[in-house]
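Have a look at the structure below, then the notes.
Bear in mind that the values in this text are calculations on the coordinates, not laboratory data. Just so it is clear, the structure is predicted and the values come from calculations on it, not from any experiment. Every residue, glycine as well, gets a Cβ built from its backbone with ideal geometry; the counts of neighbours run over all protein chains shown.
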Amino acid sequence: MTTAWLVLAVGDERQHGGNDGYDDDPSQHYSWDDTVPNHANLAVGDVIALWDKKQLLGLGKISAIETGSAVKTLYFCPACKKADFKRRKRLKPTCLCNKCGAEFEEPGSKTKPVITYRSRHGETWMDGRGLLTGPQVRDLADSPRSQLSMRPARWEKLRDALLDADGADLDVNRPGFHRDLRLWL
């Protein structure tokens, strides 16, 4: 049975202010570290479906996972010390804490050593923009109400949703892509 993961890749549209984000290149690699729930559960051979809250970006099969180490900067509200705050684009002060309501210009910070991970999936990448909306992708997760950036999903549900997508223009001629999505991966 194929394991599938829905992983959030929001790029510059991130709102969470607790860290600096990751260097994702959705069609090639996805990056995370050991501070992320489910960080150790993804494996070579799993399907990884990337989305940005608005739509499916695409999917591929993980061919490798590179690990390393780094020092990560974590940010927090100076009033309550929680990392649950958003950076605002227009309003001043630029940060608003979701826990205590404090507004501040500069968050507190600390560093922490982390184990880093990067999936490689570019060889089997299938662009999925326009095939599934954010709510449709969310509904494919084992726990649709989850707030986690890495969520387990059933490959069969994901595959069937793609096959049922209106106007699905799947690139069936790309190298390594089976003509029938039911056989893919």
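With r defined as the distance between the Cβ atoms of HIS39 and ARG129 and R0 fixed at 30 Å, what FRET efficiency is calculated, to the nearest 0.05?
0.70
Spin-label point model (7 Å from Cα, Cβ direction): what's the GLU156 to GLU106 distance in nm?
5.6 nm
If I model a spin label as a point 7 Å beyond the Cα along the Cα-Cβ vector, how far apart are those points for ASP23 and THR3 in nm?
2.6 nm
Using a Förster distance of 22 angstrom, determine the FRET efficiency expected from the C-beta separation of ILE115 and SER63, and round it to 0.05. Let's see the in-between values first.
Working: r = 20 Å, r/R0 = 0.91.
The pair ILE115/SER63 has a calculated efficiency of 0.65.
Stick to Cα atoms and the Kirkwood definition of Rh, then tell me Rg/Rh for region 55-153.
Checking Rg against Rh, the ratio lands at 1.07.
Once you keep just the Cα pairs under 8 angstrom separated by 6 or more residues, what percentage relative contact order results for region 3-164?
On the way: 359 pairs, mean separation 51.6, N = 162.
Reported as a whole number, the value is 32 percent.
State the answer as a single residue: which of SER146, VAL47, TRP5 lies farthest towards the positive end of the charge dipole of region 3-164, with beta carbon charges of +1 for Lys and Arg and -1 for Asp and Glu, about the Cα centre.
Of SER146, VAL47, TRP5, it is SER146.
Testing the spin-label approximation: label points 7 Å from Cα along Cα→Cβ at ARG145 and ARG90. State their distance in nm.
A separation of 3.2 nm, rounded to one decimal place.
Using +1 at the Cβ of each Lys and Arg and -1 at the Cβ of each Asp and Glu in region 19-110, identify which of ALA83, VAL36, ILE65 lies farthest towards the dipole's positive end.
Of the listed residues, the answer is ALA83.
Would you please give the residues with an amide H less than 5 Å from that of LYS72, counting only those at least 5 places away or on a separate chain, with H modeled from the backbone geometry?
LYS112, VAL114
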